[in-house]
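First the structure, then my questions, so here it is.
The values are calculated or read from the model by the stated rules, or taken from the named source; none is laboratory data. Predicted model, so just to flag it, every value in this text is computed and none were measured. Quick reminder, even Gly has a Cβ in these numbers, built from the backbone with ideal geometry, and neighbours come from all protein chains shown. Ligands, DNA and RNA are excluded from the accessible area calculation, which covers all protein heavy atoms including side chains. Shrake-Rupley method; radii C 1.70, N 1.55, O 1.52, S 1.80 Å.
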Amino acid sequence: MPYQHARPRVRAGQRSDRPRAVLRIAGCLPLLAIVALAITGPGAASAQSGAPLTYAEAQRLATDRSAQVASQRSMVDAAREMAVPAAELPDPKLIVGVENVPTSGPDRWSLSAEPMTMTRIGIMQEFPRGAKRELRAERARRDADRGTVAAEAASLAVRRETAAAWFALQFARRAEQVVAAQIAEAELQVTAAGAAYRGGRGGQIDVLAAQSAVLELRNRQIEATLAIDRARILLARYVGADAAERPLGDPPDTHALPSSAAELADIERQPEVRVVDAQASMLDAEAELARAGRLPDWSAELSYAIRGSSYSNMLSLMVRVDLPWSPGSRQDREYAAKLKERDAAREMREDVRRMRESEVRQMIAEWEAMRAQTVRIRREIIPLARARVESALASYRGGAGALAMVLDARRAVLDAELSLLATELASARAWAWLANVTLPAGQS
(Lines give C-alpha, C1' and ligand atoms only; values in the text may rest on other atoms or scores of the structure.)
Protein backbone atom coordinates (compact mmCIF):
# COMPACT_ATOMS: atom_id res chain seq x y z
CA MET A 1 0.00 0.00 0.00
CA PRO A 2 1.27 3.46 -0.76
CA TYR A 3 2.03 5.56 2.24
CA GLN A 4 1.29 9.29 2.44
CA HIS A 5 2.34 11.84 4.97
CA ALA A 6 -0.42 13.43 6.99
CA ARG A 7 -1.41 16.90 5.83
CA PRO A 8 -3.03 19.59 8.02
CA ARG A 9 -6.66 20.17 7.22
CA VAL A 10 -8.75 23.31 7.50
CA ARG A 11 -12.04 22.87 9.22
CA ALA A 12 -15.24 23.90 7.52
CA GLY A 13 -15.93 27.59 7.93
CA GLN A 14 -12.35 28.29 9.03
CA ARG A 15 -10.26 30.54 6.80
CA SER A 16 -6.67 29.65 6.20
CA ASP A 17 -4.05 32.38 6.45
CA ARG A 18 -1.48 30.43 4.40
CA PRO A 19 -2.39 31.87 0.95
CA ARG A 20 -2.29 35.41 2.27
CA ALA A 21 1.05 34.81 4.03
CA VAL A 22 2.53 33.26 0.92
CA LEU A 23 1.43 36.27 -1.13
CA ARG A 24 3.00 38.64 1.36
CA ILE A 25 6.30 36.74 1.27
CA ALA A 26 6.24 36.55 -2.52
CA GLY A 27 5.71 40.28 -2.74
CA CYS A 28 8.84 40.86 -0.64
CA LEU A 29 11.08 38.56 -2.67
CA PRO A 30 12.16 41.15 -5.30
CA LEU A 31 13.10 43.63 -2.56
CA LEU A 32 15.01 40.95 -0.63
CA ALA A 33 16.90 39.95 -3.76
CA ILE A 34 17.91 43.58 -4.43
CA VAL A 35 19.10 44.05 -0.84
CA ALA A 36 21.11 40.80 -0.95
CA LEU A 37 22.72 41.81 -4.24
CA ALA A 38 23.60 45.23 -2.88
CA ILE A 39 25.23 43.70 0.20
CA THR A 40 27.15 40.87 -1.39
CA GLY A 41 27.94 42.33 -4.80
CA PRO A 42 27.63 40.70 -8.21
CA GLY A 43 30.50 38.27 -7.63
CA ALA A 44 28.92 36.80 -4.52
CA ALA A 45 25.53 36.66 -6.19
CA SER A 46 27.04 34.62 -8.98
CA ALA A 47 28.68 32.29 -6.47
CA GLN A 48 25.46 31.87 -4.52
CA SER A 49 23.58 31.10 -7.70
CA GLY A 50 25.48 27.82 -7.81
CA ALA A 51 26.33 27.79 -11.49
CA PRO A 52 26.99 24.15 -12.36
CA LEU A 53 30.59 23.09 -12.83
CA THR A 54 30.62 21.48 -16.24
CA TYR A 55 33.01 18.80 -17.39
CA ALA A 56 34.70 21.16 -19.87
CA GLU A 57 35.00 24.01 -17.34
CA ALA A 58 36.57 21.69 -14.76
CA GLN A 59 39.25 20.68 -17.25
CA ARG A 60 39.90 24.29 -18.22
CA LEU A 61 40.22 25.39 -14.59
CA ALA A 62 42.54 22.48 -13.81
CA THR A 63 44.79 23.24 -16.78
CA ASP A 64 44.96 26.94 -15.88
CA ARG A 65 45.78 26.16 -12.24
CA SER A 66 48.30 23.37 -12.89
CA ALA A 67 51.76 24.22 -11.60
CA GLN A 68 53.20 21.34 -13.62
CA VAL A 69 51.85 22.71 -16.89
CA ALA A 70 52.97 26.24 -15.99
CA SER A 71 56.45 24.92 -15.20
CA GLN A 72 56.71 23.15 -18.55
CA ARG A 73 55.61 26.28 -20.39
CA SER A 74 58.20 28.35 -18.54
CA MET A 75 60.87 25.88 -19.60
CA VAL A 76 59.72 26.27 -23.20
CA ASP A 77 59.99 30.05 -22.96
CA ALA A 78 63.45 29.72 -21.41
CA ALA A 79 64.68 27.47 -24.24
CA ARG A 80 63.35 29.86 -26.87
CA GLU A 81 65.08 32.77 -25.18
CA MET A 82 68.36 30.84 -25.19
CA ALA A 83 68.17 30.26 -28.95
CA VAL A 84 68.91 33.95 -29.66
CA PRO A 85 72.15 34.42 -27.65
CA ALA A 86 73.38 30.97 -28.66
CA ALA A 87 73.75 32.18 -32.26
CA GLU A 88 75.55 35.39 -31.32
CA LEU A 89 79.25 36.06 -30.80
CA PRO A 90 80.44 36.15 -27.17
CA ASP A 91 80.85 39.52 -25.55
CA PRO A 92 84.29 41.12 -26.08
CA LYS A 93 86.72 41.27 -23.16
CA LEU A 94 88.55 44.34 -21.94
CA ILE A 95 92.28 43.92 -21.21
CA VAL A 96 93.98 46.29 -18.76
CA GLY A 97 97.32 45.61 -17.12
CA VAL A 98 100.92 46.50 -16.45
CA GLU A 99 103.80 44.45 -17.87
CA ASN A 100 107.50 44.08 -17.00
CA VAL A 101 107.58 46.22 -13.85
CA PRO A 102 111.06 46.05 -12.21
CA THR A 103 111.03 44.79 -8.65
CA SER A 104 114.68 45.46 -7.70
CA GLY A 105 117.45 47.90 -8.44
CA PRO A 106 117.28 51.68 -8.62
CA ASP A 107 114.21 51.60 -10.95
CA ARG A 108 112.15 49.19 -8.88
CA TRP A 109 108.37 49.80 -9.04
CA SER A 110 108.85 52.50 -11.64
CA LEU A 111 106.46 52.52 -14.58
CA SER A 112 108.55 54.84 -16.81
CA ALA A 113 112.26 54.22 -16.20
CA GLU A 114 112.53 50.75 -17.71
CA PRO A 115 112.02 50.55 -21.53
CA MET A 116 110.27 47.16 -21.22
CA THR A 117 107.72 48.41 -18.68
CA MET A 118 104.40 49.31 -20.21
CA THR A 119 100.80 49.90 -19.25
CA ARG A 120 98.64 47.99 -21.63
CA ILE A 121 94.97 48.41 -22.53
CA GLY A 122 93.20 46.43 -25.19
CA ILE A 123 90.21 44.39 -26.25
CA MET A 124 89.85 40.70 -27.05
CA GLN A 125 87.10 39.03 -29.08
CA GLU A 126 86.49 35.31 -29.44
CA PHE A 127 85.17 34.04 -32.77
CA PRO A 128 83.52 30.61 -32.42
CA ARG A 129 82.74 28.91 -35.69
CA GLY A 130 79.52 30.05 -37.31
CA ALA A 131 78.47 26.41 -37.69
CA LYS A 132 78.88 25.89 -33.94
CA ARG A 133 76.82 28.95 -33.11
CA GLU A 134 74.04 27.85 -35.43
CA LEU A 135 74.10 24.34 -33.94
CA ARG A 136 73.82 25.77 -30.43
CA ALA A 137 70.81 27.84 -31.51
CA GLU A 138 69.28 24.81 -33.22
CA ARG A 139 69.78 22.75 -30.08
CA ALA A 140 67.92 25.41 -28.05
CA ARG A 141 65.09 25.50 -30.59
CA ARG A 142 64.73 21.73 -30.52
CA ASP A 143 64.75 21.81 -26.72
CA ALA A 144 61.88 24.31 -26.91
CA ASP A 145 60.01 21.94 -29.26
CA ARG A 146 60.55 19.10 -26.81
CA GLY A 147 59.28 21.26 -23.96
CA THR A 148 56.19 22.20 -25.97
CA VAL A 149 55.26 18.56 -26.43
CA ALA A 150 56.09 17.83 -22.79
CA ALA A 151 53.74 20.65 -21.75
CA GLU A 152 51.04 19.12 -23.94
CA ALA A 153 51.56 15.73 -22.29
CA ALA A 154 51.39 17.32 -18.83
CA SER A 155 48.20 19.17 -19.79
CA LEU A 156 46.59 15.93 -20.98
CA ALA A 157 47.57 14.16 -17.76
CA VAL A 158 45.91 16.93 -15.74
CA ARG A 159 42.80 16.77 -17.93
CA ARG A 160 42.56 12.98 -17.49
CA GLU A 161 42.93 13.17 -13.71
CA THR A 162 40.43 16.02 -13.48
CA ALA A 163 37.92 14.12 -15.60
CA ALA A 164 38.27 11.05 -13.37
CA ALA A 165 37.70 13.18 -10.25
CA TRP A 166 34.72 14.98 -11.83
CA PHE A 167 33.01 11.71 -12.77
CA ALA A 168 33.81 10.20 -9.37
CA LEU A 169 32.07 13.10 -7.61
CA GLN A 170 29.08 12.97 -9.92
CA PHE A 171 28.49 9.24 -9.45
CA ALA A 172 29.14 9.44 -5.71
CA ARG A 173 26.34 11.99 -5.44
CA ARG A 174 24.05 9.77 -7.49
CA ALA A 175 24.89 6.82 -5.25
CA GLU A 176 23.97 8.89 -2.19
CA GLN A 177 20.62 9.71 -3.78
CA VAL A 178 19.95 6.02 -4.45
CA VAL A 179 20.73 5.11 -0.85
CA ALA A 180 18.60 8.00 0.45
CA ALA A 181 15.63 6.77 -1.61
CA GLN A 182 16.06 3.29 -0.17
CA ILE A 183 16.20 4.71 3.35
CA ALA A 184 12.91 6.54 2.77
CA GLU A 185 11.25 3.30 1.66
CA ALA A 186 12.79 1.37 4.56
CA GLU A 187 11.49 3.91 7.08
CA LEU A 188 8.00 3.57 5.62
CA GLN A 189 8.39 -0.19 6.00
CA VAL A 190 9.29 0.28 9.68
CA THR A 191 6.13 2.32 10.15
CA ALA A 192 4.03 -0.30 8.37
CA ALA A 193 5.58 -3.18 10.35
CA GLY A 194 4.98 -1.34 13.63
CA ALA A 195 1.34 -0.69 12.72
CA ALA A 196 0.87 -4.34 11.73
CA TYR A 197 2.43 -5.49 15.00
CA ARG A 198 0.20 -3.23 17.08
CA GLY A 199 -2.83 -4.41 15.12
CA GLY A 200 -1.98 -8.05 15.69
CA ARG A 201 -1.28 -8.70 12.00
CA GLY A 202 2.49 -9.08 12.31
CA GLY A 203 5.21 -10.16 14.66
CA GLN A 204 7.84 -8.21 16.53
CA ILE A 205 10.53 -9.91 14.48
CA ASP A 206 9.27 -8.02 11.43
CA VAL A 207 9.63 -4.72 13.26
CA LEU A 208 13.17 -5.58 14.32
CA ALA A 209 14.10 -6.70 10.81
CA ALA A 210 12.79 -3.46 9.32
CA GLN A 211 14.69 -1.39 11.89
CA SER A 212 17.89 -3.35 11.18
CA ALA A 213 17.46 -2.69 7.47
CA VAL A 214 17.25 1.06 8.12
CA LEU A 215 20.40 0.99 10.25
CA GLU A 216 22.24 -0.96 7.59
CA LEU A 217 21.18 1.57 4.96
CA ARG A 218 22.30 4.46 7.13
CA ASN A 219 25.73 2.88 7.35
CA ARG A 220 25.80 2.67 3.57
CA GLN A 221 24.73 6.31 3.48
CA ILE A 222 27.79 7.20 5.56
CA GLU A 223 29.95 5.32 3.05
CA ALA A 224 28.31 7.23 0.21
CA THR A 225 28.91 10.55 1.98
CA LEU A 226 32.55 9.60 2.53
CA ALA A 227 32.88 8.81 -1.19
CA ILE A 228 31.49 12.27 -1.99
CA ASP A 229 33.93 13.96 0.38
CA ARG A 230 36.88 12.09 -1.07
CA ALA A 231 35.87 12.87 -4.64
CA ARG A 232 35.28 16.53 -3.80
CA ILE A 233 38.68 16.83 -2.10
CA LEU A 234 40.36 15.22 -5.10
CA LEU A 235 38.54 17.49 -7.52
CA ALA A 236 39.43 20.55 -5.40
CA ARG A 237 43.08 19.68 -5.89
CA TYR A 238 42.68 20.47 -9.58
CA VAL A 239 39.91 23.09 -9.81
CA GLY A 240 40.06 24.75 -6.39
CA ALA A 241 37.91 24.36 -3.29
CA ASP A 242 35.26 26.90 -4.34
CA ALA A 243 34.67 25.30 -7.74
CA ALA A 244 34.55 21.81 -6.21
CA GLU A 245 31.66 22.88 -3.94
CA ARG A 246 29.49 23.85 -6.90
CA PRO A 247 26.88 21.47 -8.30
CA LEU A 248 27.99 19.53 -11.33
CA GLY A 249 26.64 20.07 -14.80
CA ASP A 250 25.29 17.43 -17.13
CA PRO A 251 27.86 14.79 -18.08
CA PRO A 252 29.13 14.50 -21.64
CA ASP A 253 27.79 11.75 -23.86
CA THR A 254 29.83 8.68 -22.94
CA HIS A 255 27.73 6.21 -24.92
CA ALA A 256 29.93 6.57 -28.01
CA LEU A 257 33.70 6.66 -28.35
CA PRO A 258 35.05 10.23 -28.20
CA SER A 259 37.03 9.71 -31.42
CA SER A 260 36.98 7.30 -34.32
CA ALA A 261 38.86 4.04 -33.99
CA ALA A 262 41.35 5.23 -36.60
CA GLU A 263 42.15 8.39 -34.63
CA LEU A 264 42.57 6.45 -31.40
CA ALA A 265 44.84 3.96 -33.15
CA ASP A 266 47.08 6.76 -34.47
CA ILE A 267 49.62 6.47 -31.68
CA GLU A 268 52.12 8.69 -33.48
CA ARG A 269 49.97 11.77 -32.68
CA GLN A 270 50.05 11.21 -28.95
CA PRO A 271 52.39 13.57 -27.07
CA GLU A 272 53.92 10.77 -24.99
CA VAL A 273 55.38 9.39 -28.23
CA ARG A 274 56.13 12.76 -29.79
CA VAL A 275 58.10 13.92 -26.75
CA VAL A 276 60.51 11.01 -27.25
CA ASP A 277 60.85 12.01 -30.91
CA ALA A 278 61.61 15.56 -29.83
CA GLN A 279 64.19 14.30 -27.33
CA ALA A 280 65.91 12.26 -30.06
CA SER A 281 65.86 15.30 -32.35
CA MET A 282 67.50 17.44 -29.67
CA LEU A 283 70.17 14.78 -29.13
CA ASP A 284 70.81 14.81 -32.89
CA ALA A 285 71.64 18.50 -32.62
CA GLU A 286 73.87 17.85 -29.62
CA ALA A 287 75.70 15.11 -31.54
CA GLU A 288 76.33 17.46 -34.45
CA LEU A 289 77.56 20.09 -32.02
CA ALA A 290 79.97 17.58 -30.48
CA ARG A 291 81.28 16.65 -33.93
CA ALA A 292 81.80 20.33 -34.73
CA GLY A 293 84.18 20.43 -31.76
CA ARG A 294 86.90 19.20 -34.15
CA LEU A 295 86.75 22.57 -35.89
CA PRO A 296 89.04 25.05 -34.14
CA ASP A 297 87.78 28.40 -32.88
CA TRP A 298 89.92 31.53 -32.85
CA SER A 299 90.15 34.85 -31.10
CA ALA A 300 91.81 38.23 -31.76
CA GLU A 301 93.36 40.64 -29.29
CA LEU A 302 94.21 44.28 -30.03
CA SER A 303 96.11 46.23 -27.36
CA TYR A 304 97.93 49.52 -26.93
CA ALA A 305 101.00 49.73 -24.67
CA ILE A 306 101.99 52.99 -23.01
CA ARG A 307 105.63 53.37 -21.93
CA GLY A 308 107.69 56.12 -20.38
CA SER A 309 108.04 59.48 -22.09
CA SER A 310 111.52 58.54 -23.29
CA TYR A 311 110.18 55.57 -25.20
CA SER A 312 107.71 54.95 -27.97
CA ASN A 313 104.25 53.51 -27.29
CA MET A 314 103.39 50.22 -28.94
CA LEU A 315 100.40 48.63 -30.69
CA SER A 316 99.95 44.86 -30.63
CA LEU A 317 97.62 42.47 -32.48
CA MET A 318 97.44 38.87 -31.32
CA VAL A 319 95.50 36.01 -32.88
CA ARG A 320 94.87 32.76 -31.00
CA VAL A 321 93.64 29.55 -32.61
CA ASP A 322 92.44 26.42 -30.77
CA LEU A 323 94.38 23.27 -31.54
CA PRO A 324 92.27 20.08 -31.31
CA TRP A 325 95.41 18.15 -30.49
CA SER A 326 93.86 14.72 -29.93
CA PRO A 327 90.33 14.51 -31.38
CA GLY A 328 90.32 10.73 -31.15
CA SER A 329 90.42 10.81 -27.37
CA ARG A 330 88.23 13.86 -26.83
CA GLN A 331 85.97 15.33 -29.54
CA ASP A 332 85.33 12.00 -31.26
CA ARG A 333 84.41 10.36 -27.98
CA GLU A 334 81.99 13.15 -27.11
CA TYR A 335 80.41 12.73 -30.53
CA ALA A 336 80.12 8.95 -30.06
CA ALA A 337 78.54 9.45 -26.62
CA LYS A 338 75.88 11.78 -28.02
CA LEU A 339 75.10 9.29 -30.79
CA LYS A 340 74.57 6.59 -28.17
CA GLU A 341 72.20 8.86 -26.23
CA ARG A 342 70.26 9.53 -29.44
CA ASP A 343 70.05 5.78 -30.17
CA ALA A 344 68.80 5.17 -26.63
CA ALA A 345 66.05 7.77 -27.14
CA ARG A 346 65.00 6.13 -30.40
CA GLU A 347 64.86 2.70 -28.77
CA MET A 348 62.81 4.15 -25.92
CA ARG A 349 60.40 5.58 -28.46
CA GLU A 350 59.46 2.12 -29.68
CA ASP A 351 58.81 0.99 -26.12
CA VAL A 352 56.68 4.06 -25.41
CA ARG A 353 54.74 3.53 -28.65
CA ARG A 354 53.96 -0.08 -27.73
CA MET A 355 52.94 0.91 -24.22
CA ARG A 356 50.58 3.62 -25.45
CA GLU A 357 49.08 1.32 -28.07
CA SER A 358 48.43 -1.29 -25.39
CA GLU A 359 46.85 1.30 -23.07
CA VAL A 360 44.53 2.57 -25.80
CA ARG A 361 43.39 -0.96 -26.64
CA GLN A 362 42.84 -1.78 -22.97
CA MET A 363 40.76 1.35 -22.44
CA ILE A 364 38.63 0.64 -25.51
CA ALA A 365 38.08 -2.93 -24.29
CA GLU A 366 37.19 -1.70 -20.79
CA TRP A 367 34.79 0.91 -22.17
CA GLU A 368 33.04 -1.70 -24.33
CA ALA A 369 32.83 -4.23 -21.48
CA MET A 370 31.47 -1.69 -19.00
CA ARG A 371 28.95 -0.45 -21.54
CA ALA A 372 27.73 -4.02 -22.10
CA GLN A 373 27.43 -4.60 -18.35
CA THR A 374 25.60 -1.30 -17.91
CA VAL A 375 23.03 -2.24 -20.56
CA ARG A 376 22.47 -5.69 -19.04
CA ILE A 377 22.07 -4.34 -15.50
CA ARG A 378 19.67 -1.60 -16.59
CA ARG A 379 17.55 -3.75 -18.92
CA GLU A 380 17.58 -7.11 -17.17
CA ILE A 381 18.98 -7.21 -13.64
CA ILE A 382 17.25 -4.14 -12.18
CA PRO A 383 13.80 -5.02 -13.65
CA LEU A 384 14.14 -8.55 -12.27
CA ALA A 385 15.14 -7.23 -8.85
CA ARG A 386 12.16 -4.85 -8.80
CA ALA A 387 9.82 -7.62 -9.90
CA ARG A 388 11.15 -9.69 -7.04
CA VAL A 389 10.27 -6.85 -4.65
CA GLU A 390 6.71 -6.68 -6.00
CA SER A 391 6.35 -10.44 -5.68
CA ALA A 392 7.69 -10.44 -2.12
CA LEU A 393 5.38 -7.55 -1.20
CA ALA A 394 2.37 -9.33 -2.64
CA SER A 395 3.19 -12.47 -0.65
CA TYR A 396 3.77 -10.46 2.51
CA ARG A 397 0.51 -8.55 2.17
CA GLY A 398 -1.33 -11.80 1.53
CA GLY A 399 0.13 -13.37 4.63
CA ALA A 400 2.06 -16.00 2.67
CA GLY A 401 5.50 -14.45 2.98
CA ALA A 402 7.79 -12.95 5.57
CA LEU A 403 8.96 -9.36 5.74
CA ALA A 404 12.54 -10.62 5.53
CA MET A 405 11.87 -11.64 1.92
CA VAL A 406 10.79 -8.08 1.13
CA LEU A 407 13.86 -6.61 2.79
CA ASP A 408 16.18 -8.99 0.97
CA ALA A 409 14.51 -8.12 -2.32
CA ARG A 410 14.91 -4.39 -1.68
CA ARG A 411 18.54 -4.94 -0.70
CA ALA A 412 19.02 -6.68 -4.04
CA VAL A 413 17.52 -3.67 -5.83
CA LEU A 414 19.92 -1.34 -4.02
CA ASP A 415 22.88 -3.55 -4.87
CA ALA A 416 21.81 -3.66 -8.52
CA GLU A 417 21.40 0.14 -8.70
CA LEU A 418 24.79 0.72 -7.06
CA SER A 419 26.34 -1.85 -9.38
CA LEU A 420 24.84 0.07 -12.31
CA LEU A 421 26.45 3.28 -11.06
CA ALA A 422 29.80 1.50 -10.62
CA THR A 423 29.80 0.18 -14.18
CA GLU A 424 28.70 3.56 -15.53
CA LEU A 425 31.54 5.21 -13.60
CA ALA A 426 34.09 2.72 -14.96
CA SER A 427 32.75 3.29 -18.47
CA ALA A 428 32.91 7.08 -18.03
CA ARG A 429 36.48 6.93 -16.74
CA ALA A 430 37.58 4.84 -19.73
CA TRP A 431 35.77 7.27 -22.03
CA ALA A 432 37.47 10.25 -20.38
CA TRP A 433 40.89 8.62 -20.75
CA LEU A 434 40.26 8.02 -24.47
CA ALA A 435 38.94 11.55 -24.87
CA ASN A 436 42.22 12.96 -23.57
CA VAL A 437 44.88 11.05 -25.50
CA THR A 438 45.41 14.14 -27.66
CA LEU A 439 44.52 17.77 -27.05
CA PRO A 440 41.57 19.30 -28.91
CA ALA A 441 42.45 21.54 -31.82
CA GLY A 442 43.55 25.00 -30.72
CA GLN A 443 44.53 23.97 -27.18
CA SER A 444 48.00 23.45 -25.75
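Go through (1) loosely packed, with under 14 Cβ neighbours inside 10 Å; (2) within 30 Å of residue 245 (Cβ to Cβ); (3) in contact with a Phe, Trp or Tyr (Cβ under 8 Å, 6 or more places away or on another chain) for residue 162 and report which single condition fails.
Every listed condition holds for residue 162 apart from (1).
When you go through 268, 301, 286 one by one, which is the residue that is of a type in the set (Asp, Glu), touching a residue at least 12 places away in the same chain (Cβ under 8 Å) and open to solvent by 30 Å² or more (accessible area, probe 1.4 Å)?
Unique residue meeting the criteria: 268.
Which residue pairs have Cβ atoms closer than 7 Å, lie 6 or more positions apart in sequence or on different chains, and pair a first residue in region 165-191 that is closer than 11 Å to residue 418 by Cβ with a second residue that is among the polar types (S, T, N, Q) and surrounded by fewer than 22 Cβ atoms within 10 Å (Cβ to Cβ)?
176/221; 176/225; 179/221
Between 428, 392, 400, which is in a helix (DSSP H, G or I) and either in contact (Cβ under 8 Å) with a residue 24 or more places away in the chain or open to solvent by 40 Å² or more (accessible area, probe 1.4 Å) (or both)?
428
Give the residue that is most open to solvent (accessible area, probe 1.4 Å), with candidates limited to residues of region 208-258 that are closer than 15 Å to residue 411 by Cβ and among the acidic types (Asp, Glu).
223
Can I ask one more? Look through region 93-118, keep the residues that are part of a loop (DSSP other than H, G, I, E, B) and of a type in the set (Asp, Glu), and return whichever of them is farthest from residue 304 (Cα to Cα).
107
Which of the residues belonging to region 322-365 are in a loop (DSSP other than H, G, I, E, B) and open to solvent by less than 100 Å² (accessible area, probe 1.4 Å)?
Across region 322-365, the qualifying residues are 322, 324, 326.
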